[in-house]
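Visitor: Structure below; questions to follow.
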């Protein structure tokens, strides 16, 4: 039977959706989200695609049509006649049985469509009251009240608290991107005070490693790289902005100030060199230097990229859709896109990039950076863009040298902005010049704000703005739990997923504002909650019922970020060089990788530069660091705030054979041998604990000891192979240690570093 039988529907309502039947249908959360996927293709905002002159994206039009009040919609939803049923069987639109049941229940109840029918994300958040729960003793802060109330509603209970070692490892990685040392573990385990965990959290929040780690999410979303991208992929110098970012996060710069400086640090009344460097945020996009490119076209691309990044990072909206046409689902018109475009259309930049080096506007960075004198810290007006015809007869701007950083700077007279038909640079609609403005449906504009990027920042950070705080705390949550309360952290619009805990999301957003945009305070709130401190073990029944842990009935278990996987190995081995900031470095790279893409040659660094944290690794857009990409880092070509996680054989092969990991295993083997007061099995147990933060079981020690004995025997029979292993990497092995024994310990260390636990947070 092709149609959806009415009697089957009745049975479904009565037997399959008891909770739905008992619950009152809410238009905003139950009905409105169904329309885009099921109805908008034929009855949405696109006038050209619209059928039967029916609109279901507009309340007045839908009610005026009579399809709701006169029963036609109900008839078409329940009909088993393929000629009448909606959506039609041959339609690309889909309607799940559960959603069809919701619509039927809504229509039977009268089809109430509230006058304020805004999508939930466009309604400014108000702080909800903390819910009453049956087990208040479990609640450590406001987060837990909302989580527990939902669990109790579902007939579930939270998991027990994770053991102390697991908890310290989890929070240390989450706040610093590094594992705890054995000394830190021992101190924490010995601390029996009620606030031992909170003290550890405060220590980690104060660590300079906090800013480095937290900067990574921002760098990926900002598209930070050391080259321009596109075909030529010329080099650039933006590490000074990265230094600013780390310092701002370590200093806990209030988030409203943090965003304002990046959006408009050059326009602030109190502007200076540091606020100017902050604007490099909006210069991290790709820049084309291909000789045949049309400069006017690429200026449009750069400005559009900034608008799209604004949408993804701060609004959680797919503004890209509106570049060519009115948004199909969200209240953002094509004119709205170009009014946002106008905020960024006055930057004094060239469309075509230089052969190499920074593209203007840029400023020279004093050698004393970041410790600038009063004179050096003053605001600097960038030199005007200088265009020169080079040997290829291509007019290019003069490049900025390695001691410069790209920034924002306004033209004396901004470029005129017009709607571009189908988003094409050469098809402006000159019937109307568009001026800076924000979409009316997304936050109110205060007339006292200037119509420039500074005003745009004020709009974004206005406490009444419906999206910025929500989107930001959601990404914070994603950082700790692997998924945001809104799973689609890049899309809070009509087609995005609904929040798993809407009241918790609004409570966190309003709490963020109430605490004066204190990022560390919100991070502390999350990691000190009972929700975060739960053990990650879940029962088979719970895994089947809630495989993604959306209900938060157990703690997070996730793979380490790609950067932390490499850094953890360097940390365990003792090789890591902890210098903060400075130019990007070029550690080991598979030979010939760059050459397979272009004529560019990779010149590997030497010495300490090989062992810097992964965030400082040179990032070439056309050939990103392969280890990072293998473990699902963002490619940094466009703004990405959520990455997929894959599991592939190449990941295991990388951990086993990559030069960095083999060298790290060598030096971990050395550290094991230098535990001279310990027997071999104690050395093995010590290394296991160093890497995994827990004591191994007797069986695990016996297995590793079996490996050790096997490797010792094999290398004694093949001493040349031991010598080959100890030559992997630039740093020489300790000649005082027996080569065959050291090689055997190195392979045991390699095994430990390859354990699932070594790259996971439990």
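The values are calculated or read from the model by the stated rules, or taken from the named source; none is laboratory data. Every value quoted in this text rests on a predicted model; they were computed, and no experiment measured them. Cβ: placed from backbone, ideal geometry, glycine included. Neighbour counts: every protein chain shown.
Visitor: Please specify each residue of the stretch 313-363 satisfying the condition of being touching a helix residue (DSSP H, G or I) at 6+ places or on another chain (Cβ under 6 Å) and farther than 24 Å from residue 121 by Cα.
Guide: 344, 345, 351, 352
Visitor: From the list 445, 449, exactly one residue is without any contact (Cβ under 8 Å) to a residue 12 or more places away in the chain and surrounded by 13 or more Cβ atoms within 10 Å (Cβ to Cβ). Which is it?
Guide: On the way: 445 fails: without any contact (Cβ under 8 Å) to a residue 12 or more places away in the chain.
Among 445, 449, only 449 is without any contact (Cβ under 8 Å) to a residue 12 or more places away in the chain and surrounded by 13 or more Cβ atoms within 10 Å (Cβ to Cβ).
Visitor: Still on this model: Given the criteria more than 20 Å from the chain's Cα centre (by Cα) and at pLDDT 95 or above, does residue 186 qualify?
Guide: Values: more than 20 Å from the chain's Cα centre (by Cα): yes; at pLDDT 95 or above: yes.
Judged against the criteria, residue 186 is a match.
Visitor: Identify, from the list 332, 240, the residue that is closer than 21 Å to residue 358 by Cα, crowded, with 22+ Cβ neighbours inside 10 Å and not assigned by TED's automatic domain parsing to the domain that holds residue 623.
Guide: Matching residue, one of 332, 240: 240.
Visitor: Report, by residue number, each residue of the stretch 36-56 that is closer than 16 Å to residue 117 by Cβ and in contact (Cβ under 8 Å) with a residue 40 or more places away in the chain.
Guide: Within the stretch 36-56, the subset closer than 16 Å to residue 117 by Cβ is 36, 39-40, 43-45, 55-56.
36, 39, 40, 44, 45, listed by residue number.
Visitor: Within the stretch 540-557, how many residues turn out to be more than 19 Å from the chain's Cα centre (by Cα) and closer than 15 Å to residue 166 by Cβ?
Guide: Within the stretch 540-557, residues that are more than 19 Å from the chain's Cα centre (by Cα) and closer than 15 Å to residue 166 by Cβ number 2.
Visitor: So in the stretch 56-69, with the set limited to residues that are surrounded by fewer than 20 Cβ atoms within 10 Å (Cβ to Cβ) and touching a helix residue (DSSP H, G or I) at 6+ places or on another chain (Cβ under 8 Å), which one is nearest to residue 87 (Cα to Cα)? Can you show your working first?
Guide: Narrowing the stretch 56-69 to residues surrounded by fewer than 20 Cβ atoms within 10 Å (Cβ to Cβ): 58-61, 63-66, 68-69.
From what's left, touching a helix residue (DSSP H, G or I) at 6+ places or on another chain (Cβ under 8 Å): 66, 68-69.
Working: 66: 18, 68: 15, 69: 19 Å.
Looking at residues that are surrounded by fewer than 20 Cβ atoms within 10 Å (Cβ to Cβ) and touching a helix residue (DSSP H, G or I) at 6+ places or on another chain (Cβ under 8 Å), I get 68.
Visitor: Quick one: in the stretch 72-90, of everything that is assigned to a loop (DSSP other than H, G, I, E, B) and out of contact with any helix residue (DSSP H, G or I) (no Cβ under 8 Å at 6 or more places or on another chain), which residue is farthest from residue 329 (Cα to Cα)?
Guide: 81
Visitor: Return the residue satisfying two criteria in turn: it lies in the stretch 644-663 and is surrounded by fewer than 16 Cβ atoms within 10 Å (Cβ to Cβ) and without any contact (Cβ under 8 Å) to a residue 40 or more places away in the chain, and of such residues it is farthest from residue 734 (Cα to Cα).
Guide: 644
Visitor: Taking the stretch 335-369 only, how many residues are out of contact with any strand residue (DSSP E or B) (no Cβ under 8 Å at 6 or more places or on another chain), more than 20 Å from residue 299 (Cβ to Cβ) and crowded, with 20+ Cβ neighbours inside 10 Å?
Guide: Kept after step one, since they are out of contact with any strand residue (DSSP E or B) (no Cβ under 8 Å at 6 or more places or on another chain), are these residues of the stretch 335-369: 336-337, 340, 343-344, 349, 351, 366-369.
Retained after the next criterion (residues that are more than 20 Å from residue 299 (Cβ to Cβ)): 336, 366-369.
Cutting the leftovers down to crowded, with 20+ Cβ neighbours inside 10 Å gives us 336.
Number of matching residues: 1.
Visitor: Does the stretch 315-327 hold any residues that are farther than 18 Å from residue 435 by Cα and crowded, with 20+ Cβ neighbours inside 10 Å, and which are they?
Guide: Residues satisfying the conditions are 315, 316, 317, 318, 321, 327.
Visitor: Of all residues in the stretch 513-539 being in contact (Cβ under 8 Å) with a residue 60 or more places away in the chain and closer than 18 Å to residue 462 by Cα, which is nearest to the chain's Cα centre (by Cα)?
Guide: Ranking the qualifying residues of the stretch 513-539, first place goes to 519.
Visitor: Does any residue of the stretch 612-619 turn out to be modelled with pLDDT of 95 or more and more than 28 Å from residue 310 (Cα to Cα)?
Guide: Of the residues in the stretch 612-619, the ones modelled with pLDDT of 95 or more are 612-619.
With more than 28 Å from residue 310 (Cα to Cα) added as a condition, the list becomes 612-613.
Scanning the stretch 612-619, I find at least one residue that is modelled with pLDDT of 95 or more and more than 28 Å from residue 310 (Cα to Cα), so the answer is yes.
Conditions (1) in contact with a strand residue (DSSP E or B) (Cβ under 7 Å, 6 or more places away or on another chain); (2) surrounded by 20 or more Cβ atoms within 10 Å (Cβ to Cβ), marked per residue:
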site	(1), (2)
527	no, yes
532	no, yes
593	yes, no
606	no, no
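Visitor: Please work out if residue 560 is more than 30 Å from residue 627 (Cα to Cα), buried (at least 18 other Cβ atoms within 10 Å of the Cβ) and under 24 Å from the mean Cα position of the chain (by Cα).
Guide: Values: more than 30 Å from residue 627 (Cα to Cα): no; buried (at least 18 other Cβ atoms within 10 Å of the Cβ): yes; under 24 Å from the mean Cα position of the chain (by Cα): yes.
No: the conditions fail for residue 560.
Visitor: Looking for something in a helix (DSSP H, G or I) and modelled with pLDDT under 95 - is there at least one such residue anywhere in the stretch 577-591? Walk me through it before giving the result.
Guide: Within the stretch 577-591, the subset in a helix (DSSP H, G or I) is none.
No, every residue in the stretch 577-591 fails to be in a helix (DSSP H, G or I) and modelled with pLDDT under 95.
Visitor: Picking from 567, 605, which residue would you name as being in a loop (DSSP other than H, G, I, E, B) and under 30 Å from residue 248 (Cα atoms)? Walk me through how you get there before you give the answer.
Guide: Working: 567 fails: in a loop (DSSP other than H, G, I, E, B).
None of the other options fit; the residue is 605.
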